[in-house]
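J.: Here's a structure for you.
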Amino acid sequence: MDYINAEQFKALVSARPDIGLSYNSNLPLSLRALSTKSIWGYMKAIDPKVMRSRVIFGFLRKRASGKVKYFMSRWYFMISSRPLNMEDFISDEEVLPESVLPPMFEFDTIYYYYMETMEDRSGQQGQIRTKDIIKIEIKNMDESNTESGHAFLLDSGSNKYHLNT
């Protein structure tokens, strides 16, 4: 298996950390997920500059949908055919072809996975098509006694996703 290393990752990250690839304190585990989830083999063929503006991945916590509403850590990945930030969207007209996508992936779809260990090769647990999202709501965490961090709700009409960082 072809794994991404720190030098390859540095090549992907621009001088502007506010755009493109997203990462958190679980960086080594998040980087490893690109390989163990069989995504890196497809991404490595994309120009790093192009990739920086179109790929985002990292960990978020997703609220369970059962009776007990607890948060579960999930690894998220999304690739867009066009840049994800407005400045690059306006200046960069290149559209990535579907041939760069891993099999069964779609552009602008958020895929989420379990990623409990460095060797977790489990498949995707779900997906959220961004074109189906009808409302995004930022949750005011100052009023919460049980949650901390930043939270938002994604409403796709048929499903609601409560995510937290």
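J.: At 0.36 nm per residue, and after removing the present C-alpha to C-alpha distance, how many nm does the segment from Lys49 to Asp92 gain when stretched out fully?
T.: 14.4 nm
J.: Right, here's the next one. How far apart, in nanometres, would the label points at Asp108 and Ser38 be if each is projected 7 angstrom from Cα along the Cα-to-Cβ direction?
T.: Result: 2.7 nm between the two label points.
J.: Using a simple spin-label model with points 7 Å from Cα along the Cα→Cβ vector, what separation in nm is obtained for Lys131 and Met72?
T.: Reported label-point gap for Lys131 and Met72 is 2.8 nm.
J.: Sticking with this structure for a sec: For the range 38-123, calculate the relative contact order in percent as a whole number, restricting contacts to Cα pairs under 8 Å that are 6 or more residues apart. The partial results should precede the final answer.
T.: Working: 112 pairs, mean separation 24.1, N = 86.
This gives 28 percent for the range 38-123.
None of the figures in this text is laboratory data; all of them are computed from the coordinates on show. Small disclaimer: the values here were computed from a predicted structure and weren't measured. As a convention, Cβ positions derive from the backbone with ideal geometry for all residues, glycine included, and neighbour counts pool all protein chains shown.
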